[in-house]
Structures are given as C-alpha cells and as structure tokens.
Amino acid sequence: MVPVPYRVLRVSRDTHDTVTIALEPPAARDTPAAGTGFAPGQFNMLYLFGLGEVPISISGDPAKPGALVHTVRAVGPVTRALRGLRRGAVVGVRGPYGSAWPLGEAAGHDVVIMAGGIGLAPLRPAIHDLLAQRGRYGKVVLLYGARTPGDLLYMRQLERWRGRFDAQIEVTVDAAPPGAWLGHVGVAGTLLPRAEFDAARAVALVCGPEVMMRFAIADLRHRGLAPEQIYLSMERNMRCAIGLCGHCQFGPAFVCKDGPVFRYDRLAPFLGVREF
Amino acid sequence: MARSAPQTLRTLTVDGLDALLQALRRRGYRLVGPTLRDGAIIYDEIASAADLPAGWTDVQDGGTYRVERRNDQALFGYPVGPHSWKRFLFPAATRLWRARRTDQGFEVDDTREDAPRYAFIGVRGCDLHAIAIQDRVFLEGPHVDPAYKALRDGAFVVAVNCGQAGGTCFCVSMKTGPRVTAGFDLALTEVLEDGRHEFIVETGTDRGAEVLREVPAADGPPDAADAIERTVARAAAQMGRTMDTTGIKELLYRNLDHPRWDNVAARCLTCANCTMVCPTCFCSSVEDTTDLTGEHAERWRRWDSCFTMDFSYIHSGNVRTSPKSRYRQWMTHKLGSWIDQFGTSGCVGCGRCITWCPVGIDITEEVRAIRDSEAPPPGGTAPPGHDGSEEPHDA
Amino acid sequence: MRDLSDLLADHPFFRGLRPDDMALIAGCGSNVHYTGNEMVFREGAAADHFYLLRHGRVALEIASPERGALTVLTVGAGDVVGWSWLVPPYRMSCDARALEPVRATQFDGACIRRKCEEDPRLGYELLKRFAGVIGQRLRATRLQLLDVYGTRV
C-alpha cells in the first residue's frame, strides 16, 4: 500500500483549471506490481512527494496500456500542484482501487451515459470500451453537460465520436456567451427526451456533482428506467482507498472499496438525506 | 458463540497470578494491564501483579467517573476505564512509511520495526468482542492492515470474567458479556468469597495451556464452574444501562430526519471523546509530511473522529457541517451501518462513551428516545416523532 | 402524410387524452416552418400559440442590451414549446429563435383556451400537461442557477 513512482509523459491542458496527465509506469523489473491495467470507473491515489495524496479517476483508454491517464481539476493544494507538473516529473501512484462501471452486464443493452463537468473523466474509459466493442451493445448515448463551452473536456475526442455515427453524442452547457456557441443550452436532463434508447432495455451510467446526479436520476426514472438500471459514481472524502480509514462512508457503503460505482437502488434511501 | 469444550478448571492464588505474569514476561511478552494512575484505572505496562489496582473500584455514570476504595483487596473489582486495548493494537499514531528523494523520484521504505508482543491482562467480555470487531475491520476485509496484524498476531490475551459492572455498562444487552466465551488464551475469574481470594483459570488455546503448565496452579475447586457463574451473574445484575437492539439498524435508517437528532445536537460538543474512548472506533486520518530539507517524507496514520468538521471534506466543502449530522453519523454507524459493513454491531456495551461524554450524552437513552417515539408506551401521550422524555437542555 | 391526430396520439405529451379532445386539438394545429435564425415568437407578444417541434432546434432567449441575446435553454424535436397561452396574462415570457431550419406544428392556443373555459375538464387535462412543461423548465433553471459545476471558493 505504498505509492510507486511514475513519470509524467505529457500534460495536456483541457480547460483553465483542468489538465490531463499521462503517466509512464516504472520499468517492470524495478517494481513488478506497477502497471497500467484498470477497469473503467476505478481510481488511483496520486501522491506528490511530501505534499499529499488525492483520489483521481482513471480517464484513459483501457485498451492502451502504455500510459496511465488521469484528468485532474485544480481544487486544492495537491491538485493545484498536479496541474503544474511538467514532463519528467514524478508522481506516486497507488491503485487501481474501487468498483467499475458494469460494462459486462450492459452487453446486449442500450447504454445511456449522463456526465456532468469533470464527471466525464471517470466515464471516458467506459466510453472507449463501449465504442471499441460497439457490436456488443444496443444503442449508445452520451449526454454531457458542463458549465460553459470553455469548461468542456475532450472536445476533439467528442467530435471524433460523433463522427462515427454509431453513437448519439450530445453536449450541453448551462450558459454560453451570445453568438459563440451553437450547441445545446440547458442541463443534461433536458436532452433526455430526445435521446434515442429503449428505457426498458437500457443501462444508465451517471457521474457528476451529486446534485446533478440526483436530478439526472429523477429524469431517468421519469423516462422509465428502474432503479436497478441506473449506476452512479459517488464522491466522498477518500484517504486510504482501502476501506480502513472510515472517511468515505456513505451509510452502509465505503465509497472507496464498495464504490465509487454503485447501483442506484443500493444508495437510493440515503441519496438526498441532508449532510449524510 | 460456542463455549469451549468442557475442560479441567484450575485455580491460582494471588501469588500464582503473579507467577503467571512472570511466566509471560519470561516468554518475551510486555505485560499490559489495569493500573491506578491520575485518579483513574487505565491500561498500561505493568511489571507484576503488585501494579494491579488492588482494593480499588470506580463509580461511573453519564459524564462522571471516580475511583473509590473497595472493602476488599480485589484486583479486578471495577469495570472498564477510559482506555481500551485498541490503544495497543491500533496506536493513536502510526508511521506507515517513510520516503526519500532519489534520482528516480523517490524511494519508499515501509519496513516496520518489530512489533512489540503484548500480553493483555484482564480483558473483559466487552473488550474481547471489541478486539474481534476490530479484527474484522483490519484483518478480515479485502485489505489487511499490516501494522494491526503484526501487533495482533503477537498479542496474548488473559481475559477476566467480570464480577463488577458499572453504572454505564450494558454488555448484557449487546450480548458481549459479562461471561467471556472466546478470543482468549486464558480466562480468569476472581473469586472473593468467605475469605477465599483466588482465580479460577479457563484455558482457551494451546499456548495458554502451555504457559499455565509453568505456573503453580491447583485443580478445581469442585465448585469452580458454579463460582464462575455466580461471579458473572453478580455483574449481569449490576448493569447500569440497557439497550433494546431489536431491528436497530432499520430503526435508525428510517429515522435519519428524526427531531431527536436536533435534541442531542443541542447538547453535543462534538469533542470526539466518545470516539476516542470507544474500543471499536477505527477511523483514522492520513498525514503526509516532509522535513525541512524536503528530502525526506513520511506518512502517518492518526486516530481521527467523525465528530471533526474536516472528516467529511470533499473539495471545497464539508458534507457534515452540523453537530446533528455528525452525531447521527457516529450513532447510525456504530449501531446500524456497521452491521451492513461488518456483519456485527459496532457497539459492545462497554459504556465508555457515556461515562466520558463531558455532557453525559447516553447512547442507550438516544436509542430509546427514537424507539419510543415510534411506539408510544401504553397510556403515553407523546405524538410520533416527538419524545416525551426530553432531557432539560439550553436550546 | 400522416394525420395530425396520429402524430399527437404517439406523443407522450398528449398520451391518454380522449379522442374527441385529441381531435379538437388536432383541428387547431397547422404545420409551420422557420428558416435558421428566424424568430418563432418574441417576449411580451400575445401568447396565442404553442408549438410541437418536429425537426430542428429552437433557442429560448432573453435579450440583454449590453450582452445581446442570452440563451436560457435550447429545445428540439419532440419538445412542446410555449405555455403562456394557458396562463394569464397570456404573454410570451421569452424570445424563441430557430437555430436551424425548423419544422413544427403550431396550435391555436387562443382557440383551445376558449374551449377550456367552456369545458373545465379539458382545461384541467391540458393544465396538468402544461404544468409539467413549466415544472421541467423550472427544475432545469434551478439546476443552472445552482452552478453545480463551479467550485465554492
């Protein structure tokens, strides 16, 4: 349970406060345990020497094992320092930890993905996987909402996905400056009535701020999905990542080891309870 | 819990008990047992039976604790004090690893100094269960905690059947005592009757039997089994508190918005005393530090508490800002969600959280208030959602 | 071309209406189209119509003298637009502008409103449905207002 030093291969700037960092594992002979294998939805603990450690979802393509990719939004001391890293810097990595999106169970079903803000990052490996094995699934829909056009992640990739014509990719923003944005305006849920999928045979994957997820789930339920068809990725204070430190409890669950991906019906009684 | 197979009970005199302690020391164990210090009976390293609090007891109630003289020379004539054994198995601060900068970035050294081998003297039923509960947390999940494992593997447990319960005890309700049934190497029952002062010894493990063979112990006496039952029956009759645990998880889950949480929040100081004295509370923080040169870093684990504000911090905010939500988290975890997480209650009925709460908040009373509000007692007039037995408080 | 009644019967918004109600509403509908950038309606105008969008997207906007037209929401095929015809003072509450070529069915709200006044049962049926649209708009607007993706600093 100690961090393994990885080297920064490249840092790309996504938005004013968000970067995507690709990490190269150390040579296998030094640390046999190190690698880049993970399941979509899992996270790593990223450590900066002496400064601290933060849980960050893995946002890369699971089929490309050369590098471990994380998208980091600068919101605290450690994430701000991560945003400032250059090629060659060293980041300690523990993981991967946590539960994964139910891609196996989703085979043969329509898959509708609702992402809000940085919530697209932990969903991106799942989207890579869905599109790589497109034939295994029914319809694939991504509804992605962000604050403004300038806050959108992975725009070039979204365009490429849209260009495949075998997935419905819809992007929306809460607000846009006049004239500069020709896309959708409104929260992700407003796109749901126009999303093409069969509610009876759909699996929904939801990730974003908790309020956004609550509203998205209400919209999905309204569209006809049962609680058992909806999965969400929760955020709580994760310190040890292995269920020992107690910080990330959400009722019966430890978000770090039982989650972060949960089937909604398991959390439904507690979601929305104030200060839970 | 299954009783161990019928066995020959043995008896030690007070001197024989000391011989047992010395036999454990010879085997390399560091003795830890109850001893009187600063007006409380605490657990600390002891050298011999002479360090045990002979002739002392304590008086406990919500928010109060004081030691008193007994009118005999009992060595275990008191219930549990502020310390629990987690202090030794799960120390308040543990260095998890240290690291130094290198050309390759950094190098982590997580080798541990050899863990001390403790012999715990006088572990009560409640605390035996508490150790078993922490075993589930640290040893029986998907991730084993190596620091805890090293200390736990080395520990020798001399349990004691409680003959003296306290004002805040409720192990009978939690089915954790006073009789010890498992999880010990040796178990003592202190018999102080008709001028007798001796210890009946039950053997729990082979290594317990082995140590006992080195000590001058006698067989019997013939009424040994009855003497044990008489002793624990006395303690069972002294329970100062009770808790009805029927459907308690569901009770708490369906009352997350109960007005009683506001009532308790008006009294709770969020001081975290209850979590510090609780023998099962296991939450910890992780702290990364460097020295002034920036060349060396360490990671420390320290006891943390769900009563602190930052406990629930997620970027740019804390989830549980109100005392109400933090008390609710502690109590619903301890008595409810713990069952979902670990298949057992997190409460062993030791009563420490009641005794050491500076304002005397009583977990048994809080449960009762919520339960009674759902089903008012016959003839009672309290409407659902409000309890008629509110304690006075400044609101 | 399919009959307008069939189209309405398939739409979730109109589902469950009595056939005679459906026929009445269909009788008040006519097909309209707008070129990209064309105004569908303007804030403050008499609210005599509502729309069922069938193709293309429409921006609901509020014009601000110093910032220009601020888009509050974009709507598209399948969406019902316009609820002001049912609620006094029967004035449009924002601008609606076609973002691309738009085909829609326009309903004569003023006519249906008169029927509703005569037949409160029909009025209640429609009010329930349009209250749903208003509720959705309100929920979406609240969520936008919360700025859930912003950081609290």
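The single condition among (1) within 14 Å of another protein chain (Cβ to nearest Cβ); (2) part of a helix (DSSP H, G or I) that residue C:126 does not satisfy is (1).
Looking only at the range B:96-129, which residues are among the β-branched types (Val, Ile, Thr) and more than 9 Å from chain A (Cβ to nearest Cβ)? Even if it seems obvious, please write down each step before you answer.
Here is the first cut: in the range B:96-129, the residues among the β-branched types (Val, Ile, Thr) are B:102, B:108, B:111, B:121, B:123.
B:111, B:121, B:123, listed by residue number.
Counting just the residues of the range A:116-170 that are among the aromatic types (Phe, Trp, Tyr) and not in a helix (DSSP H, G or I), which one comes out nearest to the other protein chains (Cβ to nearest Cβ)? The residue in question is A:144. Considered as a group, the residues in the range C:67-77 that are surrounded by fewer than 21 Cβ atoms within 10 Å (Cβ to Cβ) and touching a strand residue (DSSP E or B) at 6+ places or on another chain (Cβ under 7 Å) include one that is nearest to residue C:32 (Cα to Cα), and that residue is C:77. Report every pair of residues separated by at least 6 positions or lying on different chains whose Cβ atoms are under 7 Å apart, first residue within the range C:127-139 and within 10 Å of residue C:13 (Cα to Cα), second assigned to a helix (DSSP H, G or I). Close Cβ pairs satisfying both conditions: C:130/C:86. A single entry from A:27, A:74, A:63, A:39 fulfils the requirement of being over 23 Å from residue B:296 (Cα atoms) and free of Cβ contacts under 8 Å to residues at least 12 places away in the same chain: A:27. Taken over the range B:284-315, the criterion of being at the interface with chain A (Cβ under 7 Å from one of its Cβ atoms), among the polar types (S, T, N, Q) and within 25 Å of the chain's Cα centre (by Cα) is satisfied by B:284, B:285, B:312.
Restricting attention to the range A:43-52, and to residues there that are within 14 Å of another protein chain (Cβ to nearest Cβ) and either in a loop (DSSP other than H, G, I, E, B) or within 13 Å of the chain's Cα centre (by Cα) (or both), which single residue is surrounded by the most Cβ atoms within 10 Å (Cβ to Cβ)?
Per the criteria, the residue is A:43.
Taking the criterion of being out of contact with any Ser or Thr (no Cβ under 6 Å at 6 or more places or on another chain) and of a type in the set (Val, Ile, Thr), the residues of the range A:229-276 that qualify are A:230, A:242, A:255, A:273.
Checked against (1) surrounded by fewer than 14 Cβ atoms within 10 Å (Cβ to Cβ); (2) under 30 Å from residue A:240 (Cα atoms), residue B:286 passes all but condition (1). Return yes or no: is residue C:21 more than 14 Å from the chain's Cα centre (by Cα), of a type in the set (D, E, K, R), at pLDDT below 95 and exposed (fewer than 13 other Cβ atoms within 10 Å of the Cβ)? Considered against the rule, which asks whether it is more than 14 Å from the chain's Cα centre (by Cα), of a type in the set (D, E, K, R), at pLDDT below 95 and exposed (fewer than 13 other Cβ atoms within 10 Å of the Cβ), residue C:21 comes out as no. Return a yes/no flag: does the range C:99-112 have any residue that is buried (at least 18 other Cβ atoms within 10 Å of the Cβ), over 21 Å from residue A:176 (Cβ atoms) and aromatic (Phe, Trp, Tyr). Yes, there is a match, as at least one residue in the range C:99-112 is buried (at least 18 other Cβ atoms within 10 Å of the Cβ), over 21 Å from residue A:176 (Cβ atoms) and aromatic (Phe, Trp, Tyr).
Here are some residues: B:179, B:196. Which one is of a type in the set (Lys, Arg) and free of Cβ contacts under 8 Å to residues at least 40 places away in the same chain?
Unique residue meeting the criteria: B:196.
Of all the residues in the range B:308-331, those that are buried (at least 17 other Cβ atoms within 10 Å of the Cβ) and part of a loop (DSSP other than H, G, I, E, B) number 3. With respect to the conditions (1) surrounded by fewer than 19 Cβ atoms within 10 Å (Cβ to Cβ); (2) touching a Pro at 6+ places or on another chain (Cβ under 9 Å); (3) under 26 Å from residue A:247 (Cα atoms), residue B:273 falls short on a single one, namely (1). Checked against the criteria, residue B:334 counts as outside any loop (DSSP other than H, G, I, E, B), modelled with pLDDT of 90 or more, basic (Lys, Arg) and closer than 20 Å to residue B:87 by Cβ. The set of residues in the range C:65-113 being part of a loop (DSSP other than H, G, I, E, B), within 10 Å of chain A (Cβ to nearest Cβ) and within 14 Å of the chain's Cα centre (by Cα) consists of C:76, C:77, C:78, C:79. Residue by residue through the range A:186-219, note down the ones that are of a type in the set (A, V, I, L, M), closer than 22 Å to residue A:137 by Cβ and in contact with a helix residue (DSSP H, G or I) (Cβ under 7 Å, 6 or more places away or on another chain). Answer for the range A:186-219, where residues must be of a type in the set (A, V, I, L, M), closer than 22 Å to residue A:137 by Cβ and in contact with a helix residue (DSSP H, G or I) (Cβ under 7 Å, 6 or more places away or on another chain): A:188, A:192, A:199, A:202, A:203, A:204, A:205, A:206, A:216, A:217. The residue that is farthest from the other protein chains (Cβ to nearest Cβ), among those in the range A:53-92 that are over 22 Å from residue B:286 (Cβ atoms) and in a strand (DSSP E or B), is A:69. Scanning the range B:84-124 for residues that are buried (at least 16 other Cβ atoms within 10 Å of the Cβ) and free of Cβ contacts under 8 Å to residues at least 60 places away in the same chain returns B:87, B:105, B:108, B:115. For residue A:256, state whether it is more than 20 Å from the chain's Cα centre (by Cα) and under 30 Å from residue B:137 (Cα atoms). So residue A:256 does not fit the description; no. If you check residue B:227 against the conditions, is it buried (at least 20 other Cβ atoms within 10 Å of the Cβ), part of a helix (DSSP H, G or I) and either of a type in the set (Asp, Glu) or in contact with a Pro (Cβ under 6 Å, 6 or more places away or on another chain) (or both)? No: the conditions fail for residue B:227. Screening the range A:2-42 for residues that are assigned to a loop (DSSP other than H, G, I, E, B) and among the hydroxyl-bearing types (Ser, Thr, Tyr) and picking the one that is modelled with the highest pLDDT gives A:36. When we screen A:82, A:103 for residues that are closer than 30 Å to residue A:140 by Cα, among the hydrophobic types (A, V, I, L, M, F, W, C) and modelled with pLDDT of 95 or more, the only hit is A:103. Once the range B:136-157 is narrowed to residues that are within 13 Å of another protein chain (Cβ to nearest Cβ) and of a type in the set (Asp, Glu), the residue that is surrounded by the fewest Cβ atoms within 10 Å (Cβ to Cβ) is B:140.
Sort through A:43, A:49 and tell me the only one that's within 22 Å of residue B:142 (Cβ to Cβ) and among the hydrophobic types (A, V, I, L, M, F, W, C).
Values: A:49 fails: within 22 Å of residue B:142 (Cβ to Cβ).
After applying the criteria, what remains is A:43.
For the range C:53-64, residues that are in a strand (DSSP E or B) and crowded, with 16+ Cβ neighbours inside 10 Å total 6. Going through (1) basic (Lys, Arg); (2) assigned to a strand (DSSP E or B); (3) surrounded by fewer than 20 Cβ atoms within 10 Å (Cβ to Cβ) one by one, residue B:301 falls short only on (3).
Restricting attention to the range B:71-83 and to residues that are buried (at least 16 other Cβ atoms within 10 Å of the Cβ) and of a type outside the set (Phe, Trp, Tyr), the residue that is farthest from residue B:150 (Cα to Cα) turns out to be B:74.
The values are calculated or read from the model by the stated rules, or taken from the named source; none is laboratory data. Everything quoted here is computed from the prediction, not taken from an experiment. With ideal geometry, Cβ positions are generated from the backbone for all residues, glycine too; neighbour counts draw on all protein chains shown.
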